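See below for the structure under consideration.
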């Protein structure tokens, strides 16, 4: 059993318990599929990131980079960005996030415009460099 601490923007938190391993929880949430653990919300109020601390997991809303305050992402845009940065295709992201492929394409186009990126790899590189996403370093192929 893994204890999960969910911190909201209002300095409140709740403690949840899941049978999954901490690594699985962090990996799933940082891929953009936080609904598996936090429930489905058609209009989420904010995005989520996860971090493992020992056998516990801390889930928190991501902090926008201070150097680029003009990059403001909606929770769904952030969720799509996390999915794309984890290497999912448009079809995989659509299936995992319960969205249409057309919606994923549209949101990725909007993300590329917001981040001034011509391609998805450039978008991923910029998002990682700005600290908008944290890549799963354990799953990078050698």
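The values are calculated or read from the model by the stated rules, or taken from the named source; none is laboratory data. The structure displayed is predicted, hence computed values, not measured ones. Every residue, glycine as well, gets a Cβ built from its backbone with ideal geometry; the counts of neighbours run over all protein chains shown.
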Residue in segment 32-50 that is more than 14 Å from the chain's Cα centre (by Cα), modelled with pLDDT of 80 or more, part of a loop (DSSP other than H, G, I, E, B) and under 27 Å from residue 116 (Cα atoms) present: no
Leading residue by the ranking (nearest to residue 35 (Cα to Cα)) among those in segment 82-102 that are out of contact with any helix residue (DSSP H, G or I) (no Cβ under 7 Å at 6 or more places or on another chain) and part of a helix (DSSP H, G or I): 95
